[in-house]
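Beneath this line is the structure, given in structure tokens, with notes to follow.
What follows is calculated from the coordinates using simple rules that are stated; it is not laboratory data. No experiment lies behind these values; they were computed from the predicted model shown. Neighbour counts run over all protein chains shown; Cβ positions are idealised from the backbone, glycine included.
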């Protein structure tokens, strides 16, 4: 047997500090909220203490953003704003390794994903939007579209830096200023981004980053002087925010949960479909809102496909997120692990057939072995509820119509995957999918030029592409 | 058409006649180009260090088909290649021997005489290598000559013209006949994937060669660009994996041409390990067709053991 020796990335590269402060009005300051301790989910050790915002700190941050908006940022020509945004993009590349290691430490995702996906895609979002800053008149929103003002942004823990980039880059390009709250369990890379922003000499107050829990987010989105709210996270919180904002003139975009169908027809390129299924659900431990968590496979190839899938999933290496050969890292928090365990138990109790990879798991930390449920019916909780973990539910279908009906039978509508070698069927299916993003013969591809977003309970508004600019312009 | 081995009924049906064979090959699942290239690139990022690297280097050395296929080959060159095959690093007797020496038919006797009793195989290219453009009689005579001279492995080329024009039955028959002419010698079937171009073609040609009784499927002659690539090798590894799934038989894969560095070789071994499975990590089931690769493996082996790089002057150039 050929065992791969451990190949860990050095954690020194993360430049981890014992304490992090929030970033307001161009300076790092102590928040007056209760400090939080952020942990490494792979070892459960405390990484750092992070100061958090109180309600008055939220007010200070919004005021700083307002001042920067009125005095500097909204008046600056787009070509000048672009220079700052390009500078941020280059600095993210420059400090890519540091950010990647820190992201893996704080979030638990494997280093190969933070290194090859999160950080490069974050940089590319800044590059892409920097290009728009002086061309907004040609974006299709009138000759001289205006920014909205102060954007209050709340982001999740699954792609901490990447989500910050998705939010901050278009806001700045369009001339808005920002107050952003990173997730409670993953604040560190956003604060290194703040350091980058400070070093890029962005005018004070244009970007403010205030860590904290849900109450800070609630105070931010509820603040009277915020003009635009952007939230990525759970559907439950999204509903609360929408309720909170009803009757105000704040503009809102929500990017919420999903229960995407990955649909495999009998003429699909099977080996690549298996890769796509694996990438669809086990990428980032399944902590992906657009994860392909429901596999719909045509009955005539179901047994063959499931056999290939089991063999492939058995090769996934679960363990130390900093090891360059790790495919599946740690679940982000004990709370999330408990939720995954609870939902998988319900799958067994409701009669689905559970298969779990026999891969070894570390003794410490929050880990969950890749799991595939077959014999799943639409009525089961594992087919309806978002698990947000490395758990796949397999259902079968016989006709394209049945595939459409089953795929759309969910209150969510974020993404879908279609696997077939027949081009006409891809188009036929894509027209019928009630999902914001439809991939064909691939899955989980992210590009700043492509708009991303969902509908129904997956939210509304788009991020990325020309369409994504609309969320940050007064149109 | 004659099935060379006892095949399971589904596969026996596939080789019943030309139209069945065509239906079978065209009924294989397609290969998505973007997907297979993405997977190959992804697996290529595996980081193989320390003991696992040393193990991989020794394994790769034992899988090398040390090759010289030049018009300018001499008996002297073949003899020095044979000496290299036996003791790749003369100062380090613990370095494993290579799997085989691969030469043109007229050089087989020279190599075979030098390698008697070593366990190192002599492989010969045959069947109007590299183009395959000749009559069946000449291809058979070429094969028989190589085997008579002492080749224990024959690397044949398929008729790409016939394959690309859809005459699968003709290609099948040729492989079956060459396999017969090989007798006890192992048959490696060179698909020349650089001329087949699409991954769908590579998959069909792989299955065709396996159905016809090829012991190995080999990517390239080394005379056509591109020669071996990682994604092509992925597709061929999937074929032998699926073949085992259906028949229980183990068949081998040999990428050849363009693999020059240890880093590349390790990427191939990772693909063997994770696409086909650990049981293919064996010189009986996986080979590298290479000439310059061996010296890089030897230099990296020294680097691993000595802790420093010593350079190309410390390995023999043959």
Rg/Rh ratio calculated on Cα atoms of the range B:9-312 (Kirkwood radius): 0.96
Helix A:78-94 vs. chain A, principal-axis angle (Cα, 0 to 90°, nearest 10): 50
Contact order relative to length of chain A, as percent, for alpha carbon pairs under 8 angstrom and 6 or more apart: 18
Simple label model, 7 Å out from Cα along Cβ direction - residue B:134 to residue B:164, nm: 2.1
Debye equation applied to the C-alpha atoms of the range A:261-440, log10 I(q)/I(0) at 0.13 Å⁻¹: -0.61
Residues listed by number, the range B:104-129, amide nitrogen under 20 Å from residue B:79 label point at 7 Å toward C-beta: B:104-123
Residue with peak Gaussian network fluctuation, chain B [Cα springs, cutoff 10 Å], from B:73, B:200, B:159: B:73
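Listing B:74, A:177, B:67 from the residue with the fewest other Cβ atoms within 10 Å to the one with the most, what is the order? Working shown, then result.
Working: B:74 12, A:177 29, B:67 25.
With the fewest neighbours first, B:74, A:177, B:67 line up as B:74, B:67, A:177.
Which whole number gives the average count of other chain Cβ atoms within 10 Å of the Cβ atoms across peptide B:10-16? The partial results should precede the final answer.
Details: counts 0, 0, 0, 0, 0, 0, 0.
For this peptide, the per-residue mean of nearby foreign Cβ atoms is 0.
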Rounded Å value of the spacing that divides the Cα centres of the range A:30-89 and the range A:396-460: 35
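For the protein assembly as shown, rounded, prolate or oblate, judged on the Cα gyration tensor with a ≥ b ≥ c (square roots of eigenvalues), a/c < 1.5 rounded, else prolate if a/b > b/c?
Prolate.
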For the protein assembly as shown, calculated [θ]222 nm from helices alone, where every DSSP H run of n ≥ 4 adds -39500 (n - 2.57): -12500 deg cm²/dmol
Global geometry of the range A:205-254, whether rounded, prolate or oblate, following the gyration tensor of its Cα atoms and the 1.5 cut on a/c: oblate
Share antiparallel - DSSP beta bridges, chain A, percent rounded to 5: 30
Order of A:94, B:195, A:9 - criterion: other Cβ atoms within 10 Å of each residue's Cβ, fewest first: A:94, B:195, A:9
Tilt relative to chain A, helix A:334-349 - C-alpha long axis, 0 to 90 degrees, to 10: 30
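May I ask you to sort A:415, B:134, B:19 by Cβ crowding, counting other Cβ atoms within 10 Å and putting the fewest first? If you can, show how the numbers build up before the last one.
On the way: A:415 28, B:134 14, B:19 10.
In order of increasing Cβ crowding within 10 Å: B:19, B:134, A:415.
Quick one: work out the % antiparallel among DSSP beta bridges in the protein assembly as shown, nearest 5. Write out the running numbers ahead of the final one.
On the way: 17 of 84 bridges.
Counting only bridges with both partners in the protein assembly as shown, antiparallel ones make up about 20 percent.
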Degrees, to the nearest 10: A:235-245 long Cα axis against longest axis of chain A: 30
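Provide the percentage of antiparallel DSSP beta bridges, counting only those with both residues in the range A:261-440; round to the nearest 5. Please report the intermediate quantities before stating the final value.
Working: 4 of 25 bridges.
The antiparallel fraction comes to roughly 15 percent.
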Relative contact order %, the range B:9-312, counting alpha carbon pairs below 8 Å whose residues are six or more apart: 19
